[in-house]
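Computed from the coordinates by the stated procedures, all read-outs in this text should not be read as laboratory data. Note that the structure is predicted; figures quoted are calculated from it, not measured. Note that each Cβ is placed from the backbone with ideal geometry, even for glycine, and that neighbours are counted across all protein chains shown.
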């Protein structure tokens with residue numbers, strides 16, 4: 001007799017799904033690239049401003065772009081594992097392009113506008129209702145150099161993760 005295989009027979013159990021998670025090269029590469037980029041911001045901030053600022057590890061903006069590092073590591077790791085002809089690679093590349101465009105375009109300019117608005121609010125007379133407004137966050141986006149730093153970091157992480 002022919003044997004019938006059900007969806008329950010082919011779905012991974014909860015114990016094996018966690019082992020798949022820890023062996024998922026693209027996911028691990030993306031997380032590692034993000035963590036390294038955030039950690040490196042401590043040193044790039046010190047190099048530029050000559051001061052240690054631990055808040056940089058948890059904020060957006062700065063060198064290298066953790067957004068770019070994350071999506072680049074994801075796309076490269078998928079390309080290395082599955083090949084560049086697969087649909088999932090195309091999806092990852094398009095996602096990466098959108099994230100990097102947004103980081104160096106919309107978010108960068110929003111940060112510059114926040115800087116100008118903060119300066120305007122600082123110059124308001126104390127009796128103005130907005131004079132005590134909380135300052136807007138200025139470090140939102142990335143310069144093209146910061147994005148490229150993230151791209152290079154993401155590529156390096158994905159290649160090193162594959163080699164290990």
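Give me 162, 81 ranked fewest to most by other Cβ atoms within 10 Å of their Cβ, as a rough exposure proxy.
Result, fewest neighbours first: 162, 81.
Would you mind putting 41-52, 124-135 in packing order, based on average other-beta-carbon counts within 10 Å, highest first?
41-52, 124-135
In units of 2.2 N^0.38 Å, what is the alpha-carbon radius of gyration of region 67-113? Walk me through the numbers on the way to the answer.
Values: Rg = 12.6 Å, N = 47, 2.2 N^0.38 = 9.5 Å.
This ratio for region 67-113 stands at 1.33.
Once R0 is set to 45 Å, what does the formula 1/(1 + (r/R0)^6) return for the Cβ-Cβ distance between residue 119 and residue 162, expressed as a FRET efficiency to the nearest 0.05?
0.45
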